[in-house]
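Each reported figure results from applying straightforward, stated rules to the coordinates on display, with no laboratory input. If you're wondering where the values come from, they're calculated on a predicted model, not measured in any experiment. Note that each Cβ is placed from the backbone with ideal geometry, even for glycine, and that neighbours are counted across all protein chains shown.
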Amino acid sequence: MSKFEELDMLKNDMEADAGLPFFGKANLVFGEGHPDAKVLFIGEAPGFYEDRERRPFVGRAGQLLNKMLLDIGWRRESVYITNIVKRRPPENRDPEPTEIEAYKPYLKRQLAVIQPKIIATLGRFSMNYFLPKAKISLDHGKVADFSAKGGSASGGKKYPLVYILYHPAAALRSTSVLLEFEKDFKRLPALLKRYERGSIKA
Ligand code: URA
């Protein structure tokens with residue numbers, strides 16, 4: 001089965017799972033991008049526009065993400081973009097730990113199919129999913145070896161690098177966060193090159 005087919009099957013399984021939080025109340029926003037993406041961006045949960053279009057990061061935060069991808073010369077279709085929780089929580093509230101937990105088996109499968117080289121976390125929920133002890137204000141722009149930190153959330157596969165980024169919505173609320181977000185984001189191409197050359201060890 002191709003990766004594309006595997007992802008499609010996973011999406012169908014999610015559509016059918018009535019036990020998932022917000023089932024029947026919000027649309028499934030599965031994620032999109034290249035099934036062989038080297039870099040996977042992962043946010044928190046869909047918002048209003050994402051729910052409406054059933055696509056991740058299509059609102060204002062998504063526009064900033066698109067601009068940053070353009071700045072570093074990466075096409076949006078060449079990466080993969082998804083969220084930890086794949087349906088919009090009511091009034092865009094923060095996802096609860098039990099809700100994150102409920103989506104986890106599916107996220108694990110999604111990551112195991114795509115097998116990105118770098119998982120770029122957007123915001124603290126996504127960061128803490130992989131790195132429970134990390135603090136965004138201290139750790140943004142850092143690379144973590146997820147597999148070394150009890151990486152069971154990875155679906156049993158090795159996910160060499162987790163790269164911590166601020167959430168683009170946070171960057172839109174504060175100029176100082178925006179500057180940090182841009183600076184960290186622009187390091188992605190060099191980070192990927194170094195990783196591929198083997199000069200960053202997982
Ligand atoms: N914020 C997120 O975390 N994810 C989206 O898809 C959109 C906004």
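Taking a ≥ b ≥ c as the square roots of the eigenvalues of the Cα gyration tensor, an a/c ratio below 1.5 marks the chain as rounded.
When you count, for each residue, the other Cβ atoms within 10 Å and take the mean per peptide, how do 88-94, 63-69, 119-125, 13-19 rank with the highest first? Before the final figure, lay out each step's value.
Numbers: 88-94: 13.3, 63-69: 18.3, 119-125: 24.0, 13-19: 11.4.
Final packing ranking: 119-125, 63-69, 88-94, 13-19.
Determine, at each q value in 0.27 (inverse angstroms), the log₁₀ of I(q)/I(0) that the Debye formula gives when each Cα of the stretch 32-82 is one equal point scatterer. So the normalised log intensities are -1.10. List residues of the stretch 3-46, by number, whose backbone nitrogen lies under 12 Å from a label position 7 Å along Cα→C-beta of Glu96. What the label zone holds, given the 12 Å backbone N cut-off, is 21-22.
Taking every DSSP bridge with both residues inside the stretch 34-187, close to 15 percent are antiparallel. Its DSSP H runs of at least 4 residues, each contributing -39,500 (n - 2.57), put the calculated 222 nm mean residue ellipticity of the chain at -12500 deg cm²/dmol, to the nearest 500.
Dipole orientation for the chain: of the candidates Ala112, Leu65, Leu138, Leu138 has the Cα lying most toward the positive pole (charges on Cβ; Lys, Arg +1; Asp, Glu -1).
Ranked by the mean number of other Cβ atoms within 10 Å of their residues, highest first, the peptides 108-117, 178-187 come out as 108-117, 178-187. For the residue pairs Lys11/Lys193; Lys117/Lys183; Lys11/Lys133, the C-alpha atoms sit more than 27 angstrom apart in Lys11/Lys193; Lys11/Lys133. By the count of neighbouring beta-carbon atoms within 10 Å, fewest first, Val29, Val143 end up ordered Val143, Val29.
Per residue, the convex hull spanned by the Cα atoms of the stretch 1-108 measures out at 99 cubic angstrom. The Cα atoms of the stretch 79-146 give a gyration tensor whose axes a ≥ b ≥ c have a/c of 1.5 or more with a/b no greater than b/c, which makes the shape oblate.
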